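Chemist: Please see the structure below; I have some questions.
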Amino acid sequence: KFRIGSAVAGGGHHETMPYPDPFSADRPYRDRLAAEFSSVSPENQMKWEYIHPERDRYDFAAADAIVRFAQRNHQVVRGHTLLWHSQNPAWLEQGEFTADELRAILRDHVRTVVGRYQGRIQQWDVANEIFTETGELRTTDNIWLRELGPGIIADVFRWTHQADPHAELFFNDYGVESVNAKSDAYLALIQQLRAQGVPVHGFSAQAHLSTRYGFPADLEPNLKRFSALGLETAITELDVRMDLPDGGVPTAEQLTQQADYYRRTLTACLNVRGCDSFTIWGFTDKYSWVPVFFEGEGAATVMWEDFSRKPAYYALRSTL
Ligand code: XIL
C-alpha cells in the first residue's frame, strides 16, 4: 500500500521553532494533517533532545500524542530517529562517558523508545546522516561513530529489530537523491551489513531540494539500485525551497518549477518497486523549517500559510 505522509510540526521549546506547538494549538492544521495524509513523521518529537532530555528521564508526551493521533486517523508512523549526530541532549554530548557506558546508554534508549511504540511504527529511521558528502563515515561529529566505531551501526539495527520485529529499519540521509559518493557509500555498507545478516530493510532519501541546485534527474535509477538488492526505499523529507524575491512572494514561474520538482519526485518513487512511502517535510509554509535554516529561501511546502493550495499540491494530487 502506497503511503503519502507529512512531518508533524512541533518541538516548540527549541529555539528554531518559534511558535506554539501547532499539533496541540492549531485545529485547522490538525484537521488537514488528518485528512490529507496516510503517514506521519514526528519532525522533532522522537529525537533524543526531546524524548530523552535527561539521562534518567524520558519525555514521551509529544511523541505519544502523535502516535495516538495517527492511530485514530488510520495513519502509519515513521519513527525518526535513533542514531544521529544532531539534536542530541547536552547531557549526552558533554557527558564524558566511557565507551561501555555509551553503548549501554544507546541500547537502553533503543529498547525504551522503540519498545514503547512497538507494533505502531511502520518504518524507523534507525541511522540518520551517517556519511559525509565524500562518503566517509561521520567519525568526528557523530558521538556514536567517534566513540564506539563503525561496529555500532550493526548493533543499533539489531537492537531496534529486537525491540520491534515488525518495523522496517532504514538508513536515511540528504544529498543521496543522485548516484554520488554518498549514495555509493550507503549501497556498499548496506550490502556488507545484509551479507552479515544485519536487519536492514530500507534506504531513504530525505529530498530537501532547492531550485538553486536543480532536480536530481537520476533519482529513479538511484533508488532502483537499492530496490534491486531487495530493499524498501522511501522519500522521507521532501520540500522544494526557492529564493524568495523582494517582498517574499514567489513568482508564478517559481511555483510552476516547484510543482514540477514535487511531481518528478513522486513519479520517481512510484516507478520504483518497494518505494511505498512518500513524505513531505511539513505541508504548510506556516510551519516550515526552511526559512529558519536557509537564509533568503522559503515557500518550500505545498500549501501557503493560510493552508490554501499551491500548484505543487495539485501536481502531487494529479500524479497519485
Ligand atoms: C529539522 C526540523 O525540521 C527542525 O524543526 C529542527 O529544528 C532541525 O531539524 N534532516 C533531518 C531532519 O533528518 O530531522 C531535520 O529536521 C531536517 C534535516
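Read the figures in this text as sums done on the coordinates, not as results from a lab. Being a predicted model, the structure only gives us computed values, none of them experimental. When we count neighbours, we look across all protein chains shown, and the Cβ atoms used for this are built from the backbone with ideal geometry, even at glycine.
Chemist: Place +1 on the Cβ of every Lys and Arg and -1 on the Cβ of every Asp and Glu in region 170-291, take the dipole about the Cα centre, and give the residue among Val179, Ser288, Thr256 whose Cα lies farthest towards its positive end.
Modeler: Highest projection toward the positive end goes to Val179.
Chemist: Return the distance in nm (one decimal) between the two label points of a simple spin-label model at Ser86 and Leu270, each offset 7 Å from Cα along Cα→Cβ.
Modeler: According to this spin-label approximation, the distance is 3.0 nm.
Chemist: Rg to Rh ratio, region 185-275, alpha-carbon atoms and Kirkwood radius?
Modeler: 1.10
Chemist: Across every pair of different alpha-carbon atoms, what Kirkwood hydrodynamic radius in Å does region 170-219 reach?
Modeler: Result for region 170-219, one decimal place: 11.8 Å.
Chemist: I've got another one for you. Of all the Cα-Cα pairs you can form in region 24-97, what percent are over 20 Å apart?
Modeler: 38
Chemist: Provide, in order from the shortest bin, the percent of all Cα-Cα pairs of region 111-268 in each 10 Å bin, continuing until the bin that contains the maximum pair distance.
Modeler: With a bin width of 10 Å, the distribution comes to 10, 35, 32, 17, 6, 0.
Chemist: At a 10 Å Cβ-Cβ cut-off, how would you order Ser318, Ser39, Ser178, fewest neighbours first?
Modeler: Going from sparsest to densest Cβ surroundings: Ser318, Ser178, Ser39.
Chemist: Further question on the same structure: So what are region 123-198's ellipsoid semi-axes, whole angstrom, largest first, if each one is the square root of 5 times an eigenvalue of the alpha-carbon gyration tensor?
Modeler: 20, 15, 12
Chemist: Further question: At what distance in angstrom do the alpha carbon centres of region 289-304 and region 27-81 lie from each other?
Modeler: So the separation of the two Cα centres works out to 22 Å.
Chemist: About the Cα centre of region 3-234, how large is the charge dipole given +1 on each Lys and Arg Cβ and -1 on each Asp and Glu Cβ? Please answer in debye to the nearest 20.
Modeler: Roughly 740 debye for region 3-234.
Chemist: So what is the diffusion coefficient of region 3-234 in µm² per second by Stokes-Einstein at 4 °C and 1.567 mPa s, using a Kirkwood Rh over Cα pairs?
Modeler: Stokes-Einstein gives a translational diffusion coefficient of 71 µm²/s.
Chemist: Further, regarding this structure: Order 236-248, 183-195 from most to least packed using the mean count of other Cβ atoms within 10 Å.
Modeler: Top of the packing list down: 236-248, 183-195.
Chemist: Arranged by the count of other C-beta atoms within 10 angstrom, fewest first, what order do Phe170, Phe69, Phe293 take?
Modeler: Ascending number of Cβ neighbours within 10 Å: Phe293, Phe69, Phe170.
Chemist: Take the alpha carbon gyration tensor of region 248-320, find the square roots of its eigenvalues, order them as a ≥ b ≥ c, and report rounded if a/c is under 1.5; if not, report prolate when a/b exceeds b/c, else oblate.
Modeler: Prolate, since a/c reaches 1.5 and a/b exceeds b/c.
Chemist: Something else now. Listed here are the pairs Lys1/Lys224; Lys47/Lys182; Lys182/Lys310; which of them are more than 30 Å apart at the Cα?
Modeler: Lys182/Lys310
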